[in-house]
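Input: a single structure, listed below in structure tokens.
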Amino acid sequence: NEILDLKPGFLSSCNGGMYDTNRAKMIRDKDGKQACPSNVSSKWYKAAKRIQVHTIREGSKNVLELGCGTGRYFPFIHTENLYGMDGSIEMLEEAKNHWGSKGTYKKLHLIRDSFDSFFERKEYQNKFDYIFSLGTVGNSTFLDDSNNFYEFCKSLPKLCISGGVIEF
């Protein structure tokens, strides 16, 4: 499980701060508590269960989480290929180190990129049967501009196979 860094030198920020290794670890610890089965009333756990039910029921082959961060939802995703895309190398390192091969997926692909360039990459077009992004889109400084948000929404369907599902 290596990280494919498609944006070397790219600095990602979210929620008003730059990510570093310590902040990424703190976020992973917090994420683990919010999405764990002992916290069934949390919105994160409810979202995780919804993702789990969908990927099991539909037999998803290629799932993409945009803005995957530390991989909060990885253990709930049942798929052959799980793709996690994020702009922060530190967050992806936490996802790799913590979840690596612990999930219910066969292969984990971690990709560091920005939304706009990821959407243009030919190798990811018409690839995914399920794309989701929870708690990321509203926090992205790239999407603060309404034109960027419009382009973001317009670009998503070209990543999906026919009949694919996009959830935010």
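What follows is calculated from the coordinates using simple rules that are stated; it is not laboratory data. Since we're looking at a predicted model, the values are computed, not measured. Methodologically, a virtual Cβ is constructed for each residue, glycine included, from the backbone with ideal geometry; neighbour enumeration extends over all protein chains shown.
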Report task. At q = 0.14 Å⁻¹, what is the base-10 log of I(q)/I(0) for the stretch 85-130 according to the Debye formula with one equal point scatterer per Cα and no solvent? Please give it to two decimals. Result -> -0.41
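Please give the net charge around T79, taking every other residue with its beta carbon less than 13 angstrom from that of T79, where Lys and Arg add +1 and Asp and Glu add -1.
Numbers: positive: R57, K61, K106, K107, K127; negative: E58, E65, E80, D129.
Local net charge: +1.
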Report summary line: Checking rank on 76-87, 109-120, 153-164, with mean other Cβ inside 10 Å and highest first, the result is 76-87, 109-120, 153-164
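Where does the charge balance sit around G67 when Lys and Arg score +1, Asp and Glu -1, over other residues with C-beta under 12 Å from its C-beta? List each step's numbers first, then the result.
Values: positive: R72, R112; negative: E65, D86, D113.
Local charge sum for G67: -1.
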Report summary line: Links exceeding 23 Å between C-alpha atoms in this model, out of K49/K107; K49/K122; K61/K96; K107/K154; K106/K127; K49/K154, come to K49/K122; K107/K154; K49/K154
